[in-house]
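Notes follow once the structure below has been shown.
Throughout, read-outs are computed from the coordinates displayed, never taken from laboratory work. Small disclaimer: the values here were computed from a predicted structure and weren't measured. Heads up, the Cβs are rebuilt from the backbone with ideal geometry, glycines too, and the neighbour counts pull from every protein chain shown.
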Amino acid sequence: MPPVAKVEPITTARALRGPFDYLRPDGVGVGSVLVVPFGHRDVVGVVVALAETSELADDRLVAPRRVLDHDLPPELVELAGWMAAEYCSTPARALSLVSPPPGARAKLAWWATPAATAAAAAASDAGEGEGDKARPLSERQRALLDGLREHGARAAGSDLPALRRLAGRGLVTLERRTVRRYVSHEAVGARRVQPPPLTPDQLRVLGEVELELGRAAPEPLLLHGVTGSGKTEIYLRAAATALDHGRGVIVLVPEIGLTPQIVSRFADRFGDTVAVLHSKLSAGERHDEWSRLRSGAARVCIGPRSAVFAPIELLGLIVLDEEHDASYKHEGDPRYDARHVAARRAQQAGALLLAGSATPRPESVHRLRRVRLRHRVDAQAMPPVQIVDMRETAGALHPDTSHALVDASKSIVLLNRRGWSNFVDCRSCGHAWMCPQCDVALVLHRSRAQLSCHHCGHRERVPARCTQCGSVSVARHGAGTERLEHDLTQIGHEVFRLDADVADAGAVLRRFEQARRGILVGTQMVAKGHDFPDVTLAVVVDADGTLRFPDFRAEERTFALVTQLAGRAGRGPAGGRVLVQTLSPDAPSISAAARHDADGFLEGELMRREALRYPPFSHLIRIVVSAPELAAMREAAQAVRVQLGAIETAQVLGPAPLFRLRGRERAQLVIKAGDRAGAVRAAGAAVDAVAADRRRRGVAYSVDVDPQ
Ligand SMILES: [Zn+2]
Ligand SMILES: [Zn+2]
């Protein structure tokens, strides 16, 4: 083995570019995790390559301090290198994402085994131990020993003192062993260990999936299935096939707290070979689940976007459930998109990428081969959708909506705004309460008696009088989920609220599931893949809410939100209906969603994007420049613009001002490029050149490739 290990220290410093050379200890290879001396301190680093020689002089080549227990599969080291380049980040930051969970170790506990020697057996049968011949065993000691002999070894637990005395007499052996911290899976819905029979639709799709699973280099598939068409059963069957082939499986889901159903279905079907990785686990649980995957004890990993880095070797399948969901985009550095990384990882491993959604993104429809599930498994019709024109209505709910809510025993109401009201001002002088750190209005949260900023978390007390003119007449504009919850209690049913202000989303969903009557009201969280068969009415209160964002994905998001919410209604024998309140009844996304016309929507949207050169017909890169001082920020943003110059096959837009955020003035530049790799390199070089000028201290730059 080559004597030099090239090590990338895991640091966040952008200027520091490794790898650095160290002496390679025995047994260390690509993917090993080491503690190395670095400058005046010790840092953790990952071996990214081995080499025969080093440019360092022999006496400067030092050995690592120690080798850590966990190592990474070499594929993940390669994936991190690719990510660093693809997202204009550093290898160290990309490696920190794929590295073993920090700060936890295996849990050790005392373990007792009955001594197996004949002497011990004979001695104890005679009621005597070896070291303490005179005294017979106490009743308790006898019971412990008999239990151990009958059931075998076990953790000592609170019996440790008694077991120590038995060990002292040579009757029991005590040793330290690793014990696993079990993750409990919440059981949701009926437990079904036996797979249900497939519909002809599902059989056809499964045939296509299995054909790809049998290939050495499978073609990625997009499973476009209407809500309730049984996509999860396809994932389960595909996973079973991959496991039969001796391959591992990753299942990516948007948010594990909101989709416990899929975890429990996988755990029911595949048992202990299923591991979960998500942020709600304790450090110890995460360590143990990661270790089970790394050792091969677990072969299926379920989790949100970061589970794409699960240390599974011989990967055969990556499932991407609800592929349209915005949570797949990571907002830290590197700003990776788990969908894009999953495609790369699948290709690297010769695994099948199976992306599924009822509302796939236009990009995915354009890039992936599509297989369809056009019908619900129970042959139920899609619920009729009625557009409710709100242009003549004051208040949050149309009278028709209120009547429908009174009649329905169970309904779901979506309003994509938290809080009580989204804008507070003074009736006398017009003073509006804004965030002191960000140029946005503060949102009233009445239950907390606070005004809060939804961008930076700033909070202040609700004002009793105007700070400018002293008037006590303060007006509240607009309605959020908190206000709507209050209004809906007038309907007479129990109301359950689900939004980011609720501490335990799972508990709210369980209570709603168990209630005989009720209204579930909340933000887009209520539209995620929940399956409540007794919900007969779904209402979108302000379908234009997502349309008003100045973003080329506004139409796509609105279509997905309305369609996903509609999919929550009428999943049982009682059928269902959907009401969509809107100020723009003719918006293509809303009318297409009302007709359940995904094909029509996708076709129109792709034509629009092609005309405007938006993804998938170009690649976008967004550079945000920020600084505490407006002048410094503007100067730096302009300098980036100059550095970008004229990139071939690309168009550069901006700098355009953004609202002040967390006390920092901001502007953005957007690159629309045909050649992605070239534009990413140009953006990185431009930012590095501008950032290198020390006079621009306090200015920060963020590069977002494929912004969402
Ligand atoms: Zn005032
Ligand atoms: Zn703020």
Applying 1/(1 + (r/R0)^6) with R0 = 60 Å to the Cβ-Cβ distance of VAL642 and ARG511, what FRET efficiency is obtained, to the nearest 0.05? 0.55
What full-extension length gain, to one decimal in nm, is calculated for HIS486 and ALA677 as 0.36 nm per residue of separation minus the Cα-Cα distance? 63.6 nm
Most exposed first by the Cβ proxy, i.e. fewest other Cβ within 10 Å, how do VAL541, VAL440, VAL253 rank? VAL440, VAL541, VAL253
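For the range 1-73, rounded, prolate or oblate, judged on the Cα gyration tensor with a ≥ b ≥ c (square roots of eigenvalues), a/c < 1.5 rounded, else prolate if a/b > b/c?
Values: a/c = 1.43, a/b = 1.06, b/c = 1.34.
In terms of gyration-tensor shape, rounded.
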Residues whose modelled amide H sits under 5 Å from the amide H of VAL388, counting only those 5 or more places away in sequence or on another chain, are VAL580, GLN581, THR582
Could you run the Karplus curve 6.51 cos²θ - 1.76 cosθ + 1.60 with θ = phi - 60° over the range 532-542 and give me ³J(HN,Hα) per residue in whole Hz, x for Gly and Pro? 10, x, 8, 7, 10, 9, 10, 10, 9, 6, 9
Cysteines without a disulfide-compatible partner [the chain; Cβ-Cβ under 4.7 Å]: CYS88, CYS301, CYS456
Give me, ordered by chain and number, the residues 5 or more places off ALA475 or on other chains with an amide H under 5 Å from its own placed amide H. ASP425, CYS426, ARG427
The helix 283-295 Cα axis meets the longest alpha-carbon principal axis of the chain at an angle in degrees, between 0 and 90 and rounded to 10, of 70 degrees
Once you've got the Cα coordinates, tell me which of LYS231/LYS528; LYS6/LYS329; LYS410/LYS528; LYS329/LYS410; LYS107/LYS280; LYS231/LYS280 are over 22 Å apart. LYS6/LYS329; LYS329/LYS410; LYS231/LYS280
Cα-based convex hull volume of the chain per residue, rounded to whole Å³: 236 Å³
From the phi angles alone, apply the Karplus equation (6.51, -1.76, 1.60; θ = phi - 60°) to the range 374-379 and give each ³J(HN,Hα) in whole Hz, x where the residue is Gly or Pro. 8, 10, 6, 4, 8, 6
I'd like the Karplus ³J(HN,Hα) series for the range 636-641: coefficients 6.51, -1.76, 1.60, θ = phi - 60°, whole numbers in Hz, and an x wherever there's a Gly or Pro. 5, 4, 5, 5, 4, 4
Between the range 502-534 and the range 463-493, the Cα center-to-center distance that results, in Å: 25 Å
Can you tell me how the range 246-399 classifies by the Cα gyration tensor, rounded, prolate or oblate, using a/c under 1.5 as the rounded cut? prolate
Of TYR22, LEU144, VAL48, whose Cα points farthest to the positive end of the dipole of the chain (charges on the beta-carbon: +1 Lys, Arg; -1 Asp, Glu; origin at the Cα centre)? LEU144
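Quick check: residue separation of ASP58 and ASP244 times 0.36 nm, minus the Cα distance between them. What number comes out in nm? Write down the numbers at each step before the final one.
On the way: separation 186, 0.36 × 186 = 66.96 nm, distance 5.05 nm.
Full-extension gain reported as 61.9 nm.
Provide the FRET efficiency to the nearest 0.05 for the VAL472-SER158 pair, computing r from the beta carbons and using R0 = 51 Å. Walk me through the numbers on the way to the answer.
Working: r = 63 Å, r/R0 = 1.23.
Between VAL472 and SER158 the formula returns 0.20.
Between VAL179 and ALA216, what FRET efficiency follows from the Cβ-Cβ distance if R0 is 45 Å, with the result rounded to 0.05? Intermediate results must be reported in sequence, preceding the final value.
Numbers: r = 40 Å, r/R0 = 0.90.
Efficiency, rounded to the nearest 0.05: 0.65.
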In terms of modelled amide H atoms, which long-range or inter-chain residues lie less than 5 Å from the amide H of PHE38? VAL43
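Report, for the chain, the % of DSSP beta bridges that are antiparallel, rounded to 5. Present the calculation step by step, with values, prior to reporting the outcome.
Values: 66 of 113 bridges.
Expressed as a percentage, antiparallel bridges in the chain total about 60.
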For ALA685 and GLU629, extending 7 Å from Cα along the Cα-Cβ vector and measuring point to point gives, in nm, a value of 3.0 nm
In the range 255-310, the trypsin sites (Lys or Arg not before Pro) that sit in a DSSP loop and have at most 15 other Cβ atoms within 10 Å of their own Cβ are LYS280
Projecting the Cα atoms of ALA239, SER291, VAL253 onto the charge dipole of the range 188-306, where Lys and Arg contribute +1 and Asp and Glu -1 at Cβ, the residue farthest towards the positive end is SER291
So, in Å, what gap is there between the alpha-carbon centers of the range 630-705 and the range 47-112? 31 Å
